């Protein structure tokens with residue numbers, strides 16, 4: 001492992017990268033993490049724009065300890081955008097925290113150099129002069145309880161897509177990067193996403209009780225798919241599209257097509273490594289690009 005520091009220029013910003021040979025995953029180094037994020041940046045950055053980022057850092061790799069970082073560290077460069085966000089009840093005992101907003105490639109590389117493997121963002125944005133806007137995304141986390149797998153989550157995703165479509169809403173899937181699926185729904189800005197998402201999850205659980213559960217109790221989830229609507233709480237975040245996930249080997253939360261969801265027959269069908277995620281972008285572009293232009297009103 002090399003501890004050598006390397007000075008680089010990224011879009012006119014001077015950064016110092018360190019420990020590039022350090023393994024953050026087995027057989028995947030910190031330098032490879034930084035390279036992945038730099039290459040995926042054209043499609044990743046629009047999904048991070050104006051959204052305060054919670055970074056999950058693994059300074060000793062996925063086999064070491066990790067911590068959630070919301071507040072910008074004291075050594076944050078002055079060119080990194082930050083946003084002061086109310087955080088009542090914060091474990092730090094503060095009413096606000098200064099979140100990093102990953103607005104450009106230098107900031108993304110800076111975060112990757114800090115071993116921020118996972119990037120999580122809320123469904124709302126901050127305005128150009130600060131201030132919190134209402135959510136413009138609604139998300140459902142489809143989480144299979146063993147022995148259910150992502151194959152079952154795909155079945156639930158199709159059922160949920162049809163329910164949403166009946167209400168005039170379009171939905172777009174991505175893998176969680178672990179064992180489930182996320183379903184995104186672009187909406188006109190509204191404060192009713194949590195209310196609507198809960199009601200939709202409950203409707204689905206009522207109609208398909210043998211497969212779907214909408215309540216969080218773990219005892220209810222065996223062999224079923226939890227439609228987790230709670231990620232629409234303004235205080236919660238969801239892993240960003242194209243973010244790495246911490247696992248035994250590097251995986252990516254990857255946008256997929258509805259055809260791929262329909263064809264899924266085994267968990268491996270919807271598991272993507274960094275090189276596969278990059279190749280998919282070369283082939284398809286950003287499958288979640290409609291999130292920026294297909295916003296519809298909640299019924």
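The values are calculated or read from the model by the stated rules, or taken from the named source; none is laboratory data. Here the structure is a predicted model, which is why all the values come from computation and not from measurement. We place every Cβ from the backbone using ideal geometry, glycine too, and count neighbours over all the protein chains shown.
Just a few scattered comments:
- Hits in region 42-66 (condition: over 18 Å from residue 94 (Cα atoms) and assigned to a strand (DSSP E or B)): 55, 56, 57
- Residue match in region 266-273 (condition: more than 28 Å from residue 56 (Cα to Cα) and exposed (fewer than 13 other Cβ atoms within 10 Å of the Cβ)): yes
- Residue 100 falls short of the stated requirement of being assigned to a strand (DSSP E or B) and farther than 25 Å from residue 253 by Cα.
- Checking 193, 175 one by one, the residue that is closer than 30 Å to residue 22 by Cβ, touching a helix residue (DSSP H, G or I) at 6+ places or on another chain (Cβ under 6 Å) and in the same structural domain as residue 249 (by TED's automatic domain parsing) is 175 and no other.
- The condition (being at pLDDT 95 or above, surrounded by fewer than 19 Cβ atoms within 10 Å (Cβ to Cβ) and in contact with a strand residue (DSSP E or B) (Cβ under 9 Å, 6 or more places away or on another chain)) is satisfied by just one residue among 177, 168: 168.
Here is a yes/no grid of residues against (1) crowded, with 22+ Cβ neighbours inside 10 Å; (2) under 29 Å from residue 188 (Cα atoms); (3) in the same structural domain as residue 234 (by TED's automatic domain parsing); (4) modelled with pLDDT of 95 or more:
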{"residue": "88", "(1), (2), (3), (4)": "no, yes, no, no"}
{"residue": "95", "(1), (2), (3), (4)": "no, yes, no, no"}
{"residue": "107", "(1), (2), (3), (4)": "yes, yes, no, yes"}
{"residue": "110", "(1), (2), (3), (4)": "yes, no, no, yes"}
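- Residue within region 220-229 that is over 18 Å from residue 157 (Cβ atoms) and either part of a helix (DSSP H, G or I) or not assigned by TED's automatic domain parsing to the domain that holds residue 143 (or both) present: yes
Rundown of residues vs (1) over 24 Å from residue 26 (Cβ atoms); (2) touching a residue at least 60 places away in the same chain (Cβ under 8 Å); (3) more than 16 Å from the chain's Cα centre (by Cα), yes/no style:
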residue	(1), (2), (3)
57	no, yes, no
61	no, no, yes
67	no, no, yes
80	yes, no, yes
94	yes, no, yes
103	yes, no, no
106	yes, yes, yes
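- Residue 201 vs. criteria in a helix (DSSP H, G or I), buried (at least 20 other Cβ atoms within 10 Å of the Cβ) and more than 14 Å from the chain's Cα centre (by Cα): yes
- Residue match in region 216-223 (condition: closer than 30 Å to residue 97 by Cβ and surrounded by 15 or more Cβ atoms within 10 Å (Cβ to Cβ)): no
- Of the residues making up region 155-164, at least one is closer than 20 Å to residue 240 by Cβ and either at pLDDT 95 or above or outside any loop (DSSP other than H, G, I, E, B) (or both).
- Hey, residue 121 within 25 Å of residue 292 (Cα to Cα) and either under 20 Å from the mean Cα position of the chain (by Cα) or at pLDDT 95 or above (or both) or not: yes
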